[in-house]
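Novice: Can you read through this structure? Questions will come right after.
What follows is calculated from the coordinates using simple rules that are stated; it is not laboratory data. Because the structure is predicted, anything quoted here is derived from the model rather than measured. Cβ atoms come from the backbone with ideal geometry, glycine included; neighbour counts cover every protein chain shown.
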Amino acid sequence: MPKSQSKKEKKQQPKKNKKQQPAWSNVYTLGPITFDLARCAGCNLCMEACISDVFLPSQQEGKAPQVAFPGDCWYCGSCVVACNKDAIRLNELLRNRVHFRPRVK
Ligand code: SF4
Ligand code: SF4
């Protein structure tokens, strides 16, 4: 990389070695949980990580678990962290999406 490149020019360059994952395609949402059925391998790691037993295993092998008790979710995010396929997302409650900013004087 030439030394004459400014910091601004360096920032504008695309980052290398970042894995590009395809966009979510086959989405299934129920209450607090959204699955991408195309990515999910049906490993049930998310179900095992859940502190509230929100999920039940799918009756079909290799499919995403069922969101059986969505009202029991604590929005802890353990299921999202447990998934290594990036196939599950948490639909945060609106009240949890608030971002407080310090008052500017
Ligand atoms: S951990 Fe991920 S891949 Fe495994 S069943 Fe859950 S959502 Fe699917
Ligand atoms: S966010 Fe926590 S409580 Fe809710 S389904 Fe995931 S692991 Fe269970």
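Novice: Can you find, within segment 37-55, the residue that is nearest to ligand 1 (Cβ to nearest atom) among those that are touching a strand residue (DSSP E or B) at 6+ places or on another chain (Cβ under 8 Å) and within 15 Å of TRP74 (Cα to Cα)?
Specialist: Checking each candidate, the answer is CYS46.
Novice: For a quick check of your reading of the model, give me the residue pairs whose first member lies in segment 75-91 and is within 16 Å of VAL27 (Cα to Cα), whose second is within 8 Å of ligand 2 (Cβ to nearest atom) and part of a loop (DSSP other than H, G, I, E, B), with beta-carbon atoms closer than 8 Å and at least 6 apart or on different chains.
Specialist: Pairs that qualify, where the first residue is within 16 Å of VAL27 (Cα to Cα) and the partner is within 8 Å of ligand 2 (Cβ to nearest atom) and part of a loop (DSSP other than H, G, I, E, B), are LEU90/PRO32; LEU90/TYR75; LEU90/GLY77; ASN91/PRO32.
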